[in-house]
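Here's the structure we're looking at; comments come further down.
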Amino acid sequence: MNIDLGLKSICTLAFWRAVAAEFFGMVLFLLCVTTVAIPWAGQTVVEIGIGIGLSITSIAVMIGHVSGGHLNPAVTVGCIIGGRISVIKGLFYIIAQTLGGVVGTALTYACTPKAQRDQNNLGQTNLTSGVEVGQGFGLELLFTFILVFHVLSITDPINKMEKFGTCLGIGIVIWVCHVCLVPFTGCGINPARSFGPAIVMNKWDNHWIYWVGPIVGGILAPLVYNFIFYAEEEKYSEQAQTEINMKSDTAA
């Protein structure tokens with residue numbers, strides 16, 4: 001695991017194009033999240049989860065080749081710790097993602113009747129009645145761990161996944177997380193996703209949970225993946241492979 005500061009890359013056009021892609025992607029993602037969360041006709045948790053999961057899949061396909069399609073500060077933190085992205089680029093990603101989340105939520109706010117947006121504060125994440133703060137924190141940590149671990153695994157070159165399969169796989173795990181977690185915490189697992197509705201609707205109840213829990217989960221996932229479950233593909237030169245085959249033939 002090699003953590004790169006990445007100072008040189010900040011002067012390149014590719015760096016700023018990638019940062020802009022994360023901002024643009026988060027604008028679109030929060031536009032989708034906040035609209036699908038509005039209870040127009042009493043959507044089920046499964047429907048909301050599918051909407052959010054497929055939206056992340058669609059947007060990741062749109063910008064993944066430019067920035068990697070993190071669309072989540074917790075994922076970016078995991079990629080920094082896991083050596084997948086430089087520290088400087090990761091920090092700029094997080095800023096862009098957070099600002100994009102606010103802009104995306106503001107667009108929904110501007111386009112939604114007051115009666116609808118006030119029903120659930122544009123999908124603001126908060127603890128369900130009866131769920132304690134410690135329980136909410138633990139759930140956000142654990143399910144973000146699942147998400148980030150999945151991202152690290154499915155994007156590992158050894159997996160040899162095609163681009164669309166990778167994006168769809170991430171969308172599916174996000175759908176699973178929402179089906180499990182919405183009844184408890186509203187399912188943050190993404191600080192920028194929680195921050196957008198909080199700042200636009202000015203609702204901050206238990207908001208720290210949706211930053212600290214996912215960030216801790218995002219730090220733990222690459223540590224576990226890289227030091228326990230990371231697998232290196234065995235590679236042989238043609239000569240070495242020929243020698244192995246010859247030995248096998250001789251033994252036979």
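Only the coordinates and a few stated rules stand behind these numbers; no lab work does. Worth saying up front: this structure is predicted, and the values here are computed from it rather than measured. Note that each Cβ is placed from the backbone with ideal geometry, even for glycine, and that neighbours are counted across all protein chains shown.
State to the nearest 20 debye the size of the charge dipole of the range 103-203 about its Cα centre, where the only charges are +1 on K and R beta carbons and -1 on D and E beta carbons. Before the final figure, lay out the partial values.
Details: 6 positive and 5 negative charges, 56 e Å.
Charge dipole, the range 103-203, about its Cα centre: 260 debye, nearest 20.
Mind listing which chymotrypsin sites (Phe, Trp or Tyr not before Pro) in the range 1-82 are in a DSSP loop and have 14 or fewer other Cβ atoms within 10 Å? Please report the intermediate quantities before stating the final value.
Numbers: sites: F15, W16, F23, F24, F29, W40; in loops: W40.
In loop regions of the range 1-82 (DSSP not H, G, I, E or B), the sparsely surrounded chymotrypsin sites (Phe, Trp or Tyr not before Pro) are W40.
Using the Cα centre of the range 8-251 as the reference point, and only Cβ charges (+1 on K/R, -1 on D/E), how large is the resulting charge dipole? Debye, rounded to the nearest 20. Walk me through the numbers before you get to the answer.
Numbers: 12 positive and 14 negative charges, 152 e Å.
Rounded to the nearest 20 debye, it is 720 debye.
Is the shape of the range 55-159 rounded, prolate or oblate, going by the alpha carbon gyration tensor and its root eigenvalues a ≥ b ≥ c, with a/c under 1.5 for rounded and a/b larger than b/c for prolate? Working shown, then result.
Values: a/c = 2.18, a/b = 1.37, b/c = 1.60.
In terms of gyration-tensor shape, oblate.
Answer with one residue from F229, I158, F24: the one whose Cα lies farthest towards the positive end of the charge dipole of the chain, charges on Cβ with Lys, Arg +1 and Asp, Glu -1.
Comparing the listed Cα positions along the dipole, F24 ranks first.
Taking the alpha-carbon set of the range 8-251, what are its Rg and Dmax in Å?
When restricted to the Cα atoms of the range 8-251, Rg and Dmax are 20.1, 80 Å.
Can you give the longest stretch of the chain with no exposed loop site, where a site means GluC sites (Glu not before Pro) in a DSSP loop (not H, G, I, E or B) with at most 14 other C-beta atoms within 10 Å? Don't jump to the answer; show the numbers that get you there.
Numbers: sites that count: E132, E162, E232, E233, E234.
Maximal segment without exposed cleavage sites: 1-131.
Can you list the HN-Hα couplings for the range 123-132, worked out from phi with the Karplus curve (6.51, -1.76, 1.60; θ = phi - 60°), rounded to whole Hz and with x for Gly and Pro?
x, 4, 7, 7, 6, 5, 3, x, 7, 7
Work out the charge dipole of the chain with +1 on the Cβ of Lys and Arg and -1 on the Cβ of Asp and Glu about the Cα centre, then indicate which of G51, T98, P183 is farthest towards its positive end.
With unit charges placed on the Cβ atoms, the residue in question is T98.
Just in the range 145-227: which chymotrypsin sites (Phe, Trp or Tyr not before Pro) are loop by DSSP and have at most 16 other Cβ atoms within 10 Å? Walk me through the numbers before you get to the answer.
Values: sites: F145, F149, F164, W175, F184, F195, W204, W208, Y210, W211, Y225, F227; in loops: W204, W208.
Here the sparse-neighbourhood loop sites are W204, W208.
Given contacts defined as C-alpha pairs under 8 Å and at least six residues apart, what's the relative contact order of the chain, whole-number percent?
Details: 396 pairs, mean separation 71.7, N = 252.
Relative contact order of the chain: 28 percent.
Is the shape of the range 101-152 rounded, prolate or oblate, going by the alpha carbon gyration tensor and its root eigenvalues a ≥ b ≥ c, with a/c under 1.5 for rounded and a/b larger than b/c for prolate?
Numbers: a/c = 4.18, a/b = 1.55, b/c = 2.69.
Oblate.
From the phi angles alone, apply the Karplus equation (6.51, -1.76, 1.60; θ = phi - 60°) to the range 165-174 and give each ³J(HN,Hα) in whole Hz, x where the residue is Gly or Pro.
Using θ = phi - 60°, the values come out as x, 5, 5, 5, x, 5, x, 5, 5, 5 Hz.
Rounded to the nearest 500, what is the 222 nm mean residue ellipticity of the chain from helices alone, with -39500 (n - 2.57) per DSSP H run of 4+ residues and division by all residues? Intermediate results must be reported in sequence, preceding the final value.
Working: 10 runs with 174 residues, N = 252.
Rounded to the nearest 500, it is -23000 deg cm²/dmol.
Restrict the search to the range 61-112; then list the chymotrypsin sites (Phe, Trp or Tyr not before Pro) that DSSP places in a loop and that have at most 14 other Cβ atoms within 10 Å of their Cβ.
Numbers: sites: F92, Y93, Y109; in loops: none.
Here no loop site has a sparse enough neighbourhood.
Taking DSSP loops as anything outside H, G, I, E and B, show the longest stretch in the chain free of trypsin sites (Lys or Arg not before Pro) there with at most 12 other beta carbons within 10 Å. If you can, show how the numbers build up before the last one.
On the way: sites that count: K160, K235.
Between the exposed loop sites, the longest stretch runs 1-159.
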